[in-house]
Amino acid sequence: MTPLFRKLHKWLGLIIGIQFVLWLASGLTMSLLDPDLVDAKNTRAKVVEGQQWTESAADYDALFADAPADVTAIRSGWLLGRPVFHLTSPHGTDIVDARTMERIVLDSPQISRLAKSYYAGNGVAASPRLLDHTGEARDFDGKLWRVDFNDENDTTVYVAADTGELVEMRNKSWRLFDLAWMFHIMDYTNRVNFNNPLIVASGLSSLMLSLFGFWLLFASFRFADFVPSRFLRKHSVKLVDPSGLALKEVPVPRGEDVFSGLRQAGVELPSNCGGGQSCGLCAVRVRNQQIPATAADRAMLSAEEIRSGYRLACNLPVKRDLCIEVGTSSEAWAVRTGVVSSVRSYGPYLRELSIRPDEPLAEDYPAGSFVQVSVPEFDCQRGDLWRGIDDVGGGMDSDLKSPISNRLQVRRSYSLCEEVKLRSDREIRLLVRWSPGSGNGKVTRPGKGSSYLFARRPGDAIEFTGPFGNFRLKPTDAPKVFLGSGAGMGPLRAMALEQCGRNADVNCFMLSVSHRKEPLPFHEEFLSLADRSGKFTYLPTVPTAEEPDPVVAKQIRKLLALLRSQNLDIHRCEYYLCGGPRFIREARMTLQTAGISDAQLSQDDFLV
C-alpha cells in the first residue's frame, strides 16, 4: 500500500497545495482591501432622514379603496423630492404620485437623475443601461438599471427598474474583493455558496492527504529508530556473489533496512534515489529464506525477479540473520578515480565520455553493466554544457538561462559502451544523455548527473564505483535481437561486440531508433560491423519529413517481419531492450502482442 499512498499523497498534495495558495492569496487580498472602499461608502450620498410627509398626499383609506384588487401592499416614499406610493401586486410594483395619484414611469433621464442623487463622487455619469440580471447585484431579483461613473474607482450604481431605489453600488475594489471571495469559497458560478461541492471535496481531499501523510510518516519509522543502536540486537547480513562465494559479513542492528545497514558498514549498494524505494537499483536476492514481497518490491521488480527472491534492499528490514546475493564482487564497492580522456558528441543531447582509471581495474566490467558516478557539489553555466558540440552542428533548444547547481552529493548510474577486461589498460566508455528538465509539457530541473558529466573536459577527475547490474547476455546460441534508443545504445553496443567476439555464428539484429534529428550513436561502427559479419544486421531508424517521430511499434513489426523472412522463429529469439521508459514500454507492448514471452525479454529502462 505504501507506493500507492505515496503516489496519491503526491498528487493530492499538488492539488491541495495549489488550492491552499489560492486560499492564502485570496484571504490576504480581502484583508488588505479597505472595507469602506469595498462598500463604496466614500461615494454614497447621505440619506436624508426624518423628511416631513406632505399633507396634500392622498389618504391611505381612500387609496386602498381605489387601488386595484390585486394590490397586496402599499408603502410611501420619496422619488427625486416627490412623495410617492409604491403599489405592489403579483405583476410588479407601480409608482404613483402621492398628491395627484398619477402613475410615474421611470425612463432613462429619470434613472440618470436618480443615480446621480445616490452618488456623492466627482465622476461623470454614462448613459443608463437596462439589465435583466447582473452578478454584481446577484441577490436582487428583477430588472435594474446600470449607471457607470468615470471616477478613479470605476463606480457603478444599480437602480431598481420598477421602484427607482438604490440596489447596489459597486467599484473596482469590490470587484477585486468579489474575485478573491470566489477563489476563497470555491463557488465559481454564483459566488455565494460556502458549502458547494468543490469546497467539500477539497476538505475531504485535505483529510485524505493528512491520513496518507500520517501513514507514510509511521511507515518510514521502524523500532530501531527509537532505540540507540548500541542497545539493539545485531543480526548478521552475509553477502555472497552469484556463485555463493562469501564476500563479506556485516552486523546490522535489528529493524534497520539492509541498504542503510550496509552503507553504515561502508558497503554502498547501487542507488540513484538514496534508498527512497523509487529506482530499483539496490535489488538484492535473499538466499536463505522466503520474505514476502511488499508493494514497493512489486512496483520496482518484475514478477520473475520476485519469484527468484529479489527484494529492494532499502525496503528489506533486518529481523534475523540474512544471506544476501549482491550480484557483484566486493571490488565493486571500492571508490575508484579516473580522468576524462576524451569527449565525443552525438548531437547536442548525447555524448560519449572515455574515462581512464588511475589504477588498473581489479575485475571485469562486463557488457551490460553500469557504474555509479559520484556527483559532487557544482555550478555550471549554459556554455559549459554547450562546449564540444560544434563538431556535429546544432545546439540545445532548451531555454537554459540560469546556472545549474547541485548542493548535495549524489550518485547516478551510467552503463558501459564496451566491456573492460581484467587488469587491462582500456578505458571505461559511458554514453550519457543530457536531461534538459523541460519537455512534453513538463517543467523540471535539468538532470544533476548528466549536467555534471556534460560539463567535464578532458583531464577532469571522476569518481565512480562498480560494476553493477544484471543486464547480461545469455550464454545461448539463440538469435540476439537488440532494440535501443538514445543512450540505451551504449550497453547494446557492448553486448553486440561481446556476442560477435564470442560466437560469430549467432545471428544478431540491432534496431536503433532516434526520436530527434540528431546522429545515431555508433552508426558508422554498426555499418562497418554489418559489412564485415554476415550474421550482424543493422537497422537504423531516423526521423524523416514523412515520419518526424518514428513509431517504435511500427519499426519493431518491420524487424519481426525481417526475422520471419529469414526463417527465424521469433519465439526462440532473445530480445534485449535498452532506453527510456517510454521506449521500453512501447517495445514490450509490441513484442508481447506478437506473442513474445517475458522469459525472452531482458531490459534496462534507465528509469532513474
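Helix 2-32 and the long axis of the chain differ in direction by around 30°, with both axes built from C-alpha atoms. Selection among L217, I111, P128 by position relative to the dipole of the chain gives L217 as farthest towards the positive end (Cβ unit charges, Cα centre).
Taking a straight Cα-Cα cut-off under 21 Å and skipping sequence neighbours fewer than 8 places away in the same chain, the lysines within cross-link reach of K234 are K248, K319.
Between the helical axis of 552-565 and the longest alpha-carbon principal axis of the chain there is an angle of about 30 degrees. The solvent-accessible area of I462, taken with every protein chain present and a 1.4 Å probe, is close to 0 Å².
What lysines does K116 reach when the alpha-carbon gap must be under 28 Å and sequence neighbours fewer than 8 apart in one chain are set aside? Answer for K116, where 28 Å is the Cα cut-off: K41, K46, K143, K172, listed by chain and number.
Counted over the chain, the DSSP beta bridges are approximately 75% antiparallel. Solvent-accessible surface (1.4 Å probe) assigned to Y310 amounts to roughly 50 Å². Return a whole-number percent for the relative contact order of the chain, with Cα pairs under 8 Å and 6 or more residues apart as the contact set. So the answer I get is 9 percent. Estimated from the Cβ-Cβ distance and a Förster radius of 51 angstrom, the FRET efficiency linking R572 and N193 is about 0.15.
Counting Lys +1, Arg +1, Asp -1, Glu -1, what net charge surrounds E331 among other residues with beta carbon under 11 Å of its beta carbon? Once all neighbours under 11 Å are counted, the net charge is -2. Ignoring lysines fewer than eight residues from K474 along the same chain, the ones with Cα atoms less than 20 angstrom from its Cα are K421, K535. Peptides 565-575, 160-170 ranked from most to least packed give 160-170, 565-575, packing being the mean of other C-beta atoms within 10 angstrom over each peptide's residues.
Reported to the nearest whole Å, the Cα centre-to-centre distance from segment 177-215 to segment 578-608 is 42.
Put a plus charge on the Cβ of each Lys and Arg, a minus charge on the Cβ of each Asp and Glu, and nothing anywhere else: the dipole of the chain about its Cα centre is then about 2720 debye.
Adding -39500 (n - 2.57) for every DSSP H run of four residues or longer, then dividing by how many residues the chain holds, sets the calculated 222 nm ellipticity at -8500 deg cm²/dmol. Each distinct pair of alpha carbons in the chain adds a 1/r term; the inverse of their mean, the Kirkwood radius, is 31.1 Å.
Cysteines in the chain lacking any other cysteine Cβ under 4.7 Å from their own Cβ: C282, C314, C323, C380, C417, C500, C508, C573, C578.
The values are calculated or read from the model by the stated rules, or taken from the named source; none is laboratory data. Keep in mind the model is a prediction, meaning the values are calculated, not measured. Cβ sites come from the backbone with ideal geometry, for glycine too, and all protein chains shown count toward neighbours. Surface accessibility is based on the protein's heavy atoms, side chains included, excluding ligands, DNA and RNA. Shrake-Rupley method; radii C 1.70, N 1.55, O 1.52, S 1.80 Å.
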